[in-house]
Structures are given as structure tokens and as C-alpha cells.
Amino acid sequence: MTRQIKSKPLLAVQDLHTHFHTFAGTVKAVNGVSFEVGAGEVMGLVGESGGGKSVVGFSILGLIDSPGKIEGGQILLDGQDLVSAGENRLRQVRGREISMVFQDPMTSLNPLHTVGRQMDEVLCLHSDLDAAARKQACIDMLESVGISRAEERLKAYPHQFSGGMRQRVVIAIAMLARPRLIIADEPTTALDVTIQSQILKLMRQQIADKGASMILITHDLAVVSEMADHITVLYCGNVVERGKTRELIETPTHPYTRGLIDSIPDTAERHDRLKQIPGSVPDIRNLPKGCNFKDRCPRAQALCAEREPTLTAQHGSLWAACHFPLKPGELA
Amino acid sequence: MFGYLLKRLIQMTLVLWVVSVIVFLMMSFTGDPVFMVVPIDATDAEIAQARRLLGLDQSLLVQYGKFLTSLVQGDFGNSYVFRQPAMTLILERMPATVEMVLVAMALAIVVAIPLGVYAGANPNSRISRVIMAGSLLGISLPGFWVGMVLIYLFAVHWGVFPSSGRGDTAEFLGLRISLLTWDGWHHIMLPAITLSLGTMAILLRMTRAGMMEVGRQDFMKFARAKGATRRDVLYKHGLKNALIPVVTIFGLQLGDLIAFATITETIFSWPGMGKLLIDSIYRADRPVIVVYLMLVALIFVVINFIVDIVYTLIDPRITLK
Ligand SMILES: Nc1ncnc2c1ncn2[C@@H]1O[C@H](COP(=O)(O)OP(=O)(O)OP(=O)(O)O)[C@@H](O)[C@H]1O
Ligand code: SF4
Ligand SMILES: [Mg+2]
């Protein structure tokens, strides 16, 4: 029998709490989230709008601004905590070890700087190449994300690019310093469908080429099921289910995951299979006692209103926070 | 580009023409300058004679025609009071005003931009609140009062700055400039500070508002996600994006201060053109007032043009059309 040695993950988020102290009350946007990302892995972070996905991403990079604050937990990069790290250490991490692609390519680039200058900035910060070498690196990177006439394009401003091109530029910037982890926050939602798949293909290829890991944030389970090795499902700032992509998609155990999967539009299946999860996300400023999903859950019982479920091991690699999880094969 | 320049030139000429009409009408309906040139005991015949000499006996249209022709020819007539060309009188005093205004504007920028950036980036900090309260004072305190307080403190009480006059000047390209002598600098400080406070406060508030707006933009966070320092994010990425309204106000204030530094010049006995304007108004010295107003219009038009060019230097999306 061979004993499997569990290697230390590249990134381990442990019991992360990120809260926003607003006038209207404390928004517990992330409230005890844990997950790991191994080297070379793609981890999908999914959930409905407001689930806390972006806040998790920004927390990892230490980009939470007041009134927000990381109230607890650890974010371990190679076992070293980033939550307690100072701004100087974080600046070394940002862009060089972990970089991020934002949701909206139209607004992530500075409209007043040339594309070349915005790319060069990363290399100035994170490499000791001379100007000529930096320029060449920028050209190579632009070409590798599929932008032709790259040298010329360096002198262009963002408004001279289409949305898809801008997102390619943003991805190029994110890859420039060869980070080990890329957080892609809904990198394609703002783009039209044909461009979406191009960009996703590009990102997958880029991280495979460079052996990087990725956290792919999306509300689109279809996208993530194609790209990710593991999936973590967030609901109201909590992890409700996580595990290997195939098991989670094919035999989910949490009713919320089931609902998300059922709402994927699927041309192969009959249209009436497509159903939306009923109800809407509760106000996270005052969450109900017990399970956050109970008002929308078809399996809810008395216990669900009393005790909050915690993550427990399910079949295979799956973990879910539910008092009455689905068994494999069960539909709802 | 050439088309643009031509268009702008026509536009500027049009503005100046409109101003000339307004100035002419204003002059025609306020007071009778003939009494400024005839002796008190002049006879009716003498008055009529003077009127004819000044061309005041002709119809308004003819008078305006003459007025415009001489404006275009650069002949603005002699001051009734000084018996010198009005233009020369003003140009002699202009360097004093312009240099005081430039020092004031420089002071305003040097103080307003960093404080505005700070206050915009840290809207809730205590220091920001102090800055904002200070800027409110800067806007609301009247210039003459500030000037008098400064004179009392720095000139009378501590005696560190002189309270009036221009001090030594040095000749440069035929102009008398204070900024070329130490004594001149010494003299310019109090009036320049007085003049700068209002503009400083406005620019500060514009910068702050711009930075707060820009701070919410994704590209600022993206710049931080690249690992840029806070300083670079604020100044290289943020400030430039906050600058358009600041430049607009800067241009307006610059013209305003050059044109109407009158009060400050009076308080500090600064021999600039503002003081000349006041004196000329008192004495109904029409040629001087006319040149002054036309010159001010020209200054505004030119500043406006420069501001438009600066826009395009800041923002590549703005083009000269
Ligand atoms: N700066 C902030 N101030 C107050 N609340 C915030 C702030 N940023 C995020 N939140 C709150 O945190 C919660 C999670 O937001 P987050 O942006 O992470 O959601 P998301 O899962 O990324 O959703 P989406 O799919 O819409 O991007 C939301 O309820 C949001 O209102
Ligand atoms: S705990 Fe209860 S309410 Fe919550 S998801 Fe499970 S079954 Fe539904
Ligand atoms: Mg989001």
C-alpha cells in the first residue's frame, strides 16, 4: 500500500471572516470560509450574486478597504499568513505571487495611461529587467494572449480597444510577473458569449503553460465545471459545499448546489428541466437563525431553523453544510 | 488641427467683438467724460469744442465705428488723466499684477493638491477633517480681512514681512520684475498669500472631490493589485484622473485673479493694474478702462484656449475638434 503524502497547498484560506461595518449595520460578507488551492490547480468559487466571492478574492490580496475589515481567520501562502502581513509584504505578493483579473475589463485599466505603461508598471515593480527587456516581455505577453501588432498596441490607450481586447490586456498584465496564483473574478461576464469562451480557453492555456494555479470566481456553474479541478460553493458568506468538480456537479449533496446545477441552461435537456431557485438571497445584515438557505430549501425541516449546519464529510471528496444532504442519485 | 485653430481663432475674435460692443455701450451710458477734460470754469462753447474734439458729438454708431477701428489698429487713445497712451499705462503695471498672481497660484497648487489628495484618499481621518474645515475658512473669509490680519501679524507685530509696496525690482526684457530680487520676494509674500487662500481652498476641495470619485474606480484597485505603492496609486493613477475639473477651475481662477486682484493690491499698495483700474474708474478715465476690459477679455479667452489644450494632454479621449 502506498501512503499518499499530502503536500502543503499553495494557498490555504482558513476560517476567513471579512465584515463591512456600514451605517446600516455590519455586513458579514465572508463569514467563516475555508478552502485550499494546490499548485497548478484550478479552484472554482461559485454562488449567487452577493455570496461574498469577490470579497474573498480581495481579502486574499489584502485589498479590503474601510469600512471593511478582515475580522478573523488566516490566509496562508506557502504556509505564511497574509492577514497579519504588513503592507510591504503584501505589495510583494500582489502582482508577483498572486494577481487578479477583475470582473469588468472596461473599468480595470486606467483610461489615461497607455497599455504599454500599465504593463510596464508591473515589470518595474516585480523584475529587474532593463527598459528594452521589459518592453520585449510586454510585447511577447500581448502576443501570447492573442493581440497582434503588439508593439504598436503598446502605445494605444484602453479606449482604443474593444472589451474582449481589454480583458486580454488585463490577463496579460496579470500574467506578466509570472505569479503562482491568479484570481479571476468573473473574467468573462462582461463579454459576449463567443469572446467568453475564447478568453476562458486563453486563461486555461496560460495557466497550464506557466504551471500557475487559479481561483476562478463565477456565478456560472457551466463555466466552472469545464475549467476547475475543485469547486467551492458560497452562500451568504459561508461555504455550503465543496469537493472535486465531477462529483460536485454530478452528485451534489447540498440542496443549494443542486438548485444551481438545475438552473444551468442546457440545450441537450428539455427546457422545462431548467428551473430557478425560488426566493432570493436573505439580507446578510441580519441573517436568520439556523440554516441561511432554509427559506428557499425544498428539504427544510424544523431542525434547519434551529441549528446552523456545519461542514461535514459526504460521499467521495464532498463536504457540505446541511442537516439533510442529498444522497447520490437523489434529485431534490 | 489647422481647422481647429482656425475655428478657435474665429471664436475668440467673436468673443472679443461682443466684449467690445458691451464695453462701448457701457462707456456711452455712464457719465460724460467731457467734464473730465475741461476746466471747471469752462464755457459752453469750450465744452462743445472739447466734445467735438473727443468725437462725442457724433451718433453712437459712428462713434462705435471709430472705436472699433482704433481698437483693431491697436490705438487705444491717451489716458485723460495721465496724458499717456492707455495701453502703456496698463502694460507698465501688468508685470506687478501677473507676478503676484503667479506666485499666488503656485502657492495654491503646492498646498491644495497634496492636501486635496490626502483628504480625498482618507475622507474619514481626523487630519482630513481639519483640512476641510480649514478650506471652508479659506473660502469664506474675505480677502481684505485676511490681508489686514496678515499685515498686523507679520508686518506690524513680528516685523518679518513688509506690509506694502513692491520692493526692489530688476529689469528683464524691459519689464520690471520683483521676483528677480530678494527684496521683491520679501514684499510679494503677504499679498500673494492673501490672494491665494480662496483659490487654494477651491482647488483643494475640487481635488478632494475628484480623488474620492476616482478612488471608487476599479482601475485604482487594479493598480494596487499589481503591487503599486499607495503613493503611486494616488498620484500616478488617481490624481491625473481627478485633474480635469481642477484644471478648469484653475484657469478660471487664474483669469479672475489677474483681472480682479484689485482689493489685495489696494491693501498692500501693490502697484499693479488693479489699482490703476480703481483709480481710473474714480476719474472716469475712459480709455484706460476700455483697454483694461479688453485686455481682461483677451486674457480670459487665451487662458480658456490653453485650458482646452491642457485637457487633451491629460486625457487622450478628449480631442480638439
Ligand atoms: N465596500 C463594501 N461595503 C459594504 N458592503 C460590501 C462592500 N463590498 C461588498 N459588500 C457586501 O458584501 C457582500 C458580498 O459581496 P461580493 O461582491 O463579494 O459578492 P459576489 O459574490 O462577488 O457577488 P457578484 O456575483 O455580484 O459579484 C454583498 O452583500 C455586498 O453588499
Ligand atoms: S440545512 Fe436544512 S434548510 Fe439548510 S440546506 Fe440543508 S436541508 Fe436545506
Ligand atoms: Mg463579485
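The values are calculated or read from the model by the stated rules, or taken from the named source; none is laboratory data. Since the model is a prediction, treat every value here as computed from it, not as a measurement. FYI the Cβ positions are ideal-geometry reconstructions off the backbone, even for glycines, and counts take in every protein chain you see. Remember, those area values only see protein heavy atoms, side chains included, never the ligands or the DNA or RNA. Shrake-Rupley method; radii C 1.70, N 1.55, O 1.52, S 1.80 Å.
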Quick one: which of B:ALA242, B:ALA228, B:ALA209, B:ALA201 is in a loop (DSSP other than H, G, I, E, B) and assigned by TED's automatic domain parsing to the domain that holds B:ASN124?
-> B:ALA228
Taking region B:268-278 on its own, how many of its residues are more than 16 Å from B:VAL103 (Cβ to Cβ), open to solvent by 40 Å² or more (accessible area, probe 1.4 Å) and either within 14 Å of another protein chain (Cβ to nearest Cβ) or in contact (Cβ under 8 Å) with a residue 40 or more places away in the chain (or both)?
-> 2
Any chance region A:103-115 includes a residue that's under 11 Å from A:ALA172 (Cα atoms) and either modelled with pLDDT under 95 or not in a helix (DSSP H, G or I) (or both)?
-> no
Flag for A:ARG134 being at pLDDT 95 or above, in contact with a Leu (Cβ under 6 Å, 6 or more places away or on another chain), part of a helix (DSSP H, G or I) and more than 16 Å from ligand 3 (Cβ to nearest atom) | yes
Condition set open to solvent by less than 50 Å² (accessible area, probe 1.4 Å) and under 16 Å from A:LEU260 (Cα atoms), scope region A:289-317, selection farthest from ligand 3 (Cβ to nearest atom): answer is A:ARG299
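Can you name the residue in region A:199-223 that is closer than 27 Å to A:ARG296 by Cα and open to solvent by 50 Å² or more (accessible area, probe 1.4 Å) and is also nearest to ligand 1 (Cβ to nearest atom) among such residues?
Filtering region A:199-223 for residues closer than 27 Å to A:ARG296 by Cα gives A:216-223.
Narrowing further to those that are open to solvent by 50 Å² or more (accessible area, probe 1.4 Å): A:219-220.
Numbers: A:HIS219: 5, A:ASP220: 10 Å.
Result: A:HIS219.
Can you work out which of the residues in region B:214-257 that are closer than 20 Å to A:HIS126 by Cα, more than 9 Å from every other protein chain (Cβ to nearest Cβ) and of a type in the set (A, V, I, L, M, F, W, C) is least open to solvent (accessible area, probe 1.4 Å)?
Of all residues in region B:214-257, those closer than 20 Å to A:HIS126 by Cα come to B:219-237.
Subsequent filtering for residues that are more than 9 Å from every other protein chain (Cβ to nearest Cβ) retains B:231, B:233-235.
Still in the list and also of a type in the set (A, V, I, L, M, F, W, C): B:233-234.
Values: B:VAL233: 7, B:LEU234: 30 Å².
Per the criteria, the residue is B:VAL233.
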Can you tell me which residues in region A:207-257 are assigned to a loop (DSSP other than H, G, I, E, B) and under 18 Å from A:PRO187 (Cβ atoms)?
-> A:ALA212, A:HIS219, A:ASP220, A:ALA228, A:ASP229
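Is it true that some residue in region A:287-298 is within 16 Å of ligand 1 (Cβ to nearest atom), at pLDDT below 90 and not hydroxyl-bearing (Ser, Thr, Tyr)? Full working, then the answer.
To start, the set of residues in region A:287-298 that are within 16 Å of ligand 1 (Cβ to nearest atom) comprises A:287-288, A:292-293.
This time we only want the ones that are at pLDDT below 90, so: A:287-288.
Restricting the remaining residues to those that are not hydroxyl-bearing (Ser, Thr, Tyr) gives A:287-288.
Yes, that holds for at least one residue.
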From the list A:ASP65, A:ASP81, which residue is free of Cβ contacts under 8 Å to residues at least 60 places away in the same chain, more than 14 Å from chain B (Cβ to nearest Cβ) and surrounded by fewer than 17 Cβ atoms within 10 Å (Cβ to Cβ)?
-> A:ASP81
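Please work out if A:GLU71 is touching a residue at least 12 places away in the same chain (Cβ under 8 Å), away from ligand 1 (no atom under 15 Å from the Cβ), among the acidic types (Asp, Glu) and in a strand (DSSP E or B).
Details: touching a residue at least 12 places away in the same chain (Cβ under 8 Å): yes; away from ligand 1 (no atom under 15 Å from the Cβ): no; among the acidic types (Asp, Glu): yes; in a strand (DSSP E or B): yes.
When the stated conditions are applied, A:GLU71 does not pass them.
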Name, by its number, the condition in (1) on the phi > 0 side of the Ramachandran plot; (2) in a helix (DSSP H, G or I) that does not hold for B:SER269.
-> (2)
State whether the residues of region B:288-301 include one that is part of a helix (DSSP H, G or I), open to solvent by 10 Å² or more (accessible area, probe 1.4 Å) and either among the hydroxyl-bearing types (Ser, Thr, Tyr) or free of Cβ contacts under 8 Å to residues at least 40 places away in the same chain (or both).
-> no
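Out of the residues in region A:93-118 meeting the condition of being out of contact with any strand residue (DSSP E or B) (no Cβ under 6 Å at 6 or more places or on another chain), polar (S, T, N, Q) and facing chain B (nearest Cβ under 7 Å), tell me which one is surrounded by the most Cβ atoms within 10 Å (Cβ to Cβ).
Only one residue tops the list, namely A:SER108.
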Does at least one position in region A:51-60 carry a residue that is more than 13 Å from chain B (Cβ to nearest Cβ) and not in a loop (DSSP other than H, G, I, E, B)?
-> yes
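Of these, A:GLU87, A:GLU121, which one is surrounded by fewer than 22 Cβ atoms within 10 Å (Cβ to Cβ), among the acidic types (Asp, Glu) and assigned by TED's automatic domain parsing to the domain that holds A:VAL33?
Sole residue among the options that is surrounded by fewer than 22 Cβ atoms within 10 Å (Cβ to Cβ), among the acidic types (Asp, Glu) and assigned by TED's automatic domain parsing to the domain that holds A:VAL33: A:GLU87.
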Out of curiosity, is A:GLU226 assigned by TED's automatic domain parsing to the domain that holds A:PRO105, in contact (Cβ under 8 Å) with a residue 12 or more places away in the chain, within 16 Å of ligand 1 (Cβ to nearest atom) and not polar (S, T, N, Q)?
-> no
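Could we say that A:VAL56 is more than 9 Å from ligand 1 (Cβ to nearest atom), of a type in the set (A, V, I, L, M, F, W, C) and either within 21 Å of A:ALA321 (Cα to Cα) or surrounded by 21 or more Cβ atoms within 10 Å (Cβ to Cβ) (or both) here?
On the way: more than 9 Å from ligand 1 (Cβ to nearest atom): no; of a type in the set (A, V, I, L, M, F, W, C): yes; either within 21 Å of A:ALA321 (Cα to Cα) or surrounded by 21 or more Cβ atoms within 10 Å (Cβ to Cβ) (or both): yes.
When the stated conditions are applied, A:VAL56 does not pass them.
Quick test for you: out of A:SER59, A:SER127, pick the one residue that is of a type in the set (Ser, Thr, Tyr) and either in the same structural domain as A:ARG285 (by TED's automatic domain parsing) or in contact with a Leu (Cβ under 8 Å, 6 or more places away or on another chain) (or both).
Numbers: A:SER127 fails: either in the same structural domain as A:ARG285 (by TED's automatic domain parsing) or in contact with a Leu (Cβ under 8 Å, 6 or more places away or on another chain) (or both).
Only one candidate passes the filter, namely A:SER59.
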Every listed condition ((1) over 17 Å from B:ALA133 (Cα atoms); (2) away from chain A (no Cβ under 12 Å); (3) of a type in the set (Ser, Thr, Tyr)) holds for B:THR199 save (1)
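Just checking, which of A:ALA137, A:ALA190 is more than 14 Å from chain B (Cβ to nearest Cβ) and surrounded by fewer than 21 Cβ atoms within 10 Å (Cβ to Cβ)?
A:ALA137
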